[in-house]
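Engineer: Mind having a look at this structure? Questions to follow.
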Amino acid sequence: MDRLNFRIDALATGSRARAARFRTPHNEVLTPLFMPVGTQATVKAQLPQSLEDAGSQILLANTYHLLLRPGPEVFRRTGGIHGFMSWKKSVLTDSGGFQIFSLPHSRSMTEAGAVFQSYTDGKSILLSPELSIETQRAIGSDIMMALDQCVASTADEATVRAAVGITQRWAVRSLAAREDSSQALFGIIQGALFKSLRKESALGLCELDFDGMAIGGLAVGEEKNEREDLCEFTADLMPVDKPRYLMGVGTPLDILEAVHRGVDMFDCIIPTQVAQRGGAFTSRGFLQLRRGVHKFSDECLDPKCHCPTCQRYSRAYLHHLTKTKETLGWQLIGKHNIHFYHQLMREIRESILEDRFLELYSNKRSFLQEDDLDNPSLDPGPKPVKRPRRGDYEIHTAREGFASILHISSGEIMHSRTPPMEEAQHLYADQAFLTERVRADTCRDPLVIWDVGLGAAANAMAAIRCYEAQAAAGPVRPLRIISFENDLDSLKLAFAHNELFTYLRHSGPAGILKTGRWQSRDYAGLSWELVPGDFQTAMDQAPVGPEVIFYDLFSGKTNGDQWTLKAFQRLFAVCAAQPAELFTYTMSTASRAAMLVAGFQVAKGRVAGNKAETTVAFTPSALAGRFASRYELLGAEWLAKWHRSGARIPEWLPAEEQAAFEEAILSHPQFAALRG
């Protein structure tokens, strides 16, 4: 059965770019095309009519999230997603495979599928190929995706080979589960950065009766040049008579490069994600509306754009909406960005049909990588940007518009890829399951958090916000936060500019800066205190040991003595007598090895920013707790990586101690099962 009737309209001279078309039950689709992401049956801050007016041909929705809420039965009873969300054109549903990759803290893998803990009611759900396809059939999408196992692009060969194998077997099961449905189904090629495994995956999947093929496992940690190389290599392995889909990519420049390499379909959250923070794509480059230079500008976003936002609203107004965090600003800029993406795709298609793609490719590349070329300025000459400073810190503004703190001497940025509170919530508060920990029905003893590396206080404030929300809803156990910091200048700088760091508009940071101690007036069980000085000596001054440790110091390049074996041995000695769990952003082999030799059990943490993994460590008694089972302990895959690593043995370790260090890793109780 030919479900899409795919045909190629034109091929570009001197390029792999192609213009094609196919038909779904809802509309004819012209390629190359971009699909806005409507994860939960909605594109954030956008109306379906606005998306249709902008030229959206297909929207992407996510099977995993729609399985949990509202659930397949809702779609069965309402006639599918199109009527449910009032969308007349096509829908593509992701299978849930990316969640297998992005939620390692709350799932376990088997051949049968991935077992998740539902974030709606806490129940365990086995997301199998059969359940994924059953759910997608109930949703009624025009194009379904086979369930796959995505791994980090930086994963080792053994891990990637295993993922390729399970993806192939799940692909067979996904096709069988489709039965006689008229919905199209795409397979997903995996293989990370290993071309031999990419080829193996492509050849295996191309033998199956899929209606299209996708490139998975990119934009998950690799460098841009690696992504482009693997994209071209993989596209060449895909059938010429079926659509080619690059999943989760990307910026306008990423898409242009991938079209050049033979890809037809794209999706990404970037247009609406950057819009939320005031970022706009224009014909002159990327524009950041948070910048004060737009405060008095009556210009539109882009004089060459005919979207409703550019036709009606000034940069001054959009600047105001962005600074005040009004939802309308997110909506209007997002509407423009989606229009920009679709217009880019239309221009690309037209250039292929007219056989002038290479000319367009050259012209577009010259501005798609630029920033703010047409910013208005009172002074025609360039002026150095003066960023607020205090001590060795200054405020840094990310391209996406959020503020963070830069350590001037080292160049390290606190929360460089994600807004401080988003990262603190995701990596520390949520990953430590603070919402569950603070409830009184779980324990009556105080929950003690050691906040190691107070910085600009994002992690501490994420914990406080979590506690306050739970305390407002019901009984909670006491929470005591103990922060360690040897330089308060970063917090003082952020606090002085709390219009940028709005989470500091709270009595807690003011109390810490004034007296080093804060007690909540609203919740008697909530307190926060500061232990100043170098952590290695200051930990002995802590009044009580931790249940949870947020280990968020600068990296080993800047703060080397805090990531050594000695440092973790001291920390382990202090907290080993009690159940304690440590959460940190690093996935460094050297740091993990030091934790293991110090006595901790070490597990993979969740994805954060541009890191495919982070790290969670446990004292021995913490392994018996109810949270440890939710993490995947390092095993054979990590040991193999450690053996290959140039950081296997610390450089500073005396030669006579190196054998003992290696033996401590190999004989660690965590790896007992591997020793037979």
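Engineer: If we scan the range 598-609, do we find a residue that is modelled with pLDDT under 95, assigned by TED's automatic domain parsing to the domain that holds E662 and in a helix (DSSP H, G or I)?
Structural biologist: The answer is no, given that none of the residues of the range 598-609 is modelled with pLDDT under 95, assigned by TED's automatic domain parsing to the domain that holds E662 and in a helix (DSSP H, G or I).
Engineer: If I filter the range 178-196 for residues that are assigned to a helix (DSSP H, G or I), buried (at least 20 other Cβ atoms within 10 Å of the Cβ) and either out of contact with any strand residue (DSSP E or B) (no Cβ under 7 Å at 6 or more places or on another chain) or in the same structural domain as L639 (by TED's automatic domain parsing) (or both), do I get at least one hit?
Structural biologist: no
Engineer: While we're here: Taking I449, is it touching a helix residue (DSSP H, G or I) at 6+ places or on another chain (Cβ under 8 Å), over 30 Å from I333 (Cα atoms), of a type outside the set (D, E) and assigned by TED's automatic domain parsing to the domain that holds G508? It would help to see each step written out before you state the result.
Structural biologist: On the way: touching a helix residue (DSSP H, G or I) at 6+ places or on another chain (Cβ under 8 Å): yes; over 30 Å from I333 (Cα atoms): yes; of a type outside the set (D, E): yes; assigned by TED's automatic domain parsing to the domain that holds G508: yes.
For I449, the condition - touching a helix residue (DSSP H, G or I) at 6+ places or on another chain (Cβ under 8 Å), over 30 Å from I333 (Cα atoms), of a type outside the set (D, E) and assigned by TED's automatic domain parsing to the domain that holds G508 - is met.
Engineer: Follow-up question, since we're still on this one. Grab the helices (runs of 4 or more DSSP H) fully contained in the range 331-449, keeping just those with 1 or more residues being touching a Lys or Arg at 6+ places or on another chain (Cβ under 9 Å) and at pLDDT below 90.
Structural biologist: Qualifying helices (runs of 4 or more DSSP H): 357-368.
Engineer: Here is a follow-up. Can you name every residue in the range 629-658 that is of a type in the set (G, A, S) and at pLDDT 90 or above?
Structural biologist: Taking the range 629-658 and keeping what is of a type in the set (G, A, S), we get 629, 635-636, 640, 645-647, 655.
Within the range 629-658, G635, A636 qualify.
Engineer: Moving on to the next point. Would the range 525-533 turn up any residue that is crowded, with 18+ Cβ neighbours inside 10 Å, under 19 Å from G391 (Cα atoms) and in the same structural domain as M461 (by TED's automatic domain parsing)?
Structural biologist: no
Engineer: Any residue at all in the range 615-627 that's outside any loop (DSSP other than H, G, I, E, B), closer than 22 Å to G217 by Cα and either out of contact with any helix residue (DSSP H, G or I) (no Cβ under 9 Å at 6 or more places or on another chain) or hydroxyl-bearing (S, T, Y) (or both)?
Structural biologist: Our first condition is that a residue be outside any loop (DSSP other than H, G, I, E, B); within the range 615-627, this holds for 615-618, 620-624.
Those still in the list that are closer than 22 Å to G217 by Cα too: 615.
Still in the list and also either out of contact with any helix residue (DSSP H, G or I) (no Cβ under 9 Å at 6 or more places or on another chain) or hydroxyl-bearing (S, T, Y) (or both): 615.
Looking for residues that are outside any loop (DSSP other than H, G, I, E, B), closer than 22 Å to G217 by Cα and either out of contact with any helix residue (DSSP H, G or I) (no Cβ under 9 Å at 6 or more places or on another chain) or hydroxyl-bearing (S, T, Y) (or both), one finds at least one in the range 615-627, hence yes.
Matching residues to (1) over 19 Å from I215 (Cα atoms); (2) in contact with a His (Cβ under 9 Å, 6 or more places away or on another chain); (3) touching a residue at least 40 places away in the same chain (Cβ under 8 Å); (4) among the charged types (D, E, K, R):
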| position | (1), (2), (3), (4) |
| --- | --- |
| R3 | yes, no, yes, yes |
| A10 | yes, no, yes, no |
| A19 | no, no, yes, no |
| H26 | yes, yes, yes, no |
| Q46 | yes, no, yes, no |
| G71 | yes, no, no, no |
| G79 | yes, no, yes, no |
| K88 | yes, yes, yes, yes |
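Engineer: Give me the residue from the range 609-665 that is acidic (D, E) and under 31 Å from the mean Cα position of the chain (by Cα) and, out of that set, nearest to R675 (Cα to Cα). Outline the logic, then answer.
Structural biologist: Filtering the range 609-665 down to residues acidic (D, E) leaves 613, 632, 637, 651, 656-657, 662-663.
If we keep only those that are under 31 Å from the mean Cα position of the chain (by Cα) as well, we get 613, 632, 637.
Working: E613: 25, E632: 18, E637: 14 Å.
Across the range 609-665, the extreme among qualifying residues is E637.
Engineer: Return the residue satisfying two criteria in turn: it lies in the range 16-39 and is in a loop (DSSP other than H, G, I, E, B) and among the polar types (S, T, N, Q), and of such residues it is nearest to G96 (Cα to Cα).
Structural biologist: Filtering the range 16-39 for residues in a loop (DSSP other than H, G, I, E, B) gives 16-17, 24-27, 32, 38-39.
If we keep only those that are among the polar types (S, T, N, Q) too, we end up with 24, 27, 39.
Values: T24: 22, N27: 25, T39: 11 Å.
Once the filter is applied, the top-ranked residue is T39.
Engineer: Considering only the range 549-556, I want to know if a residue exists there that is within 28 Å of E662 (Cβ to Cβ) and assigned to a helix (DSSP H, G or I).
Structural biologist: No, the range 549-556 contains no residue that is within 28 Å of E662 (Cβ to Cβ) and assigned to a helix (DSSP H, G or I).
Engineer: Of the numbered conditions (1) within 23 Å of F433 (Cα to Cα); (2) in a loop (DSSP other than H, G, I, E, B), G646 satisfies every one except a single condition; which is it?
Structural biologist: Every listed condition holds for G646 apart from (1).
Engineer: Filter the range 291-316 for residues that are crowded, with 18+ Cβ neighbours inside 10 Å and outside any loop (DSSP other than H, G, I, E, B); which is modelled with the lowest pLDDT?
Structural biologist: H294
Engineer: If S50 passes every condition in (1) closer than 30 Å to L256 by Cα; (2) small (G, A, S); (3) part of a loop (DSSP other than H, G, I, E, B) but one, which one does it miss?
Structural biologist: Of (1) closer than 30 Å to L256 by Cα; (2) small (G, A, S); (3) part of a loop (DSSP other than H, G, I, E, B), only one is false for S50: (3).
The values are calculated or read from the model by the stated rules, or taken from the named source; none is laboratory data. Everything numeric here is computed off the predicted structure, so don't read it as measured data. Note that each Cβ is placed from the backbone with ideal geometry, even for glycine, and that neighbours are counted across all protein chains shown.
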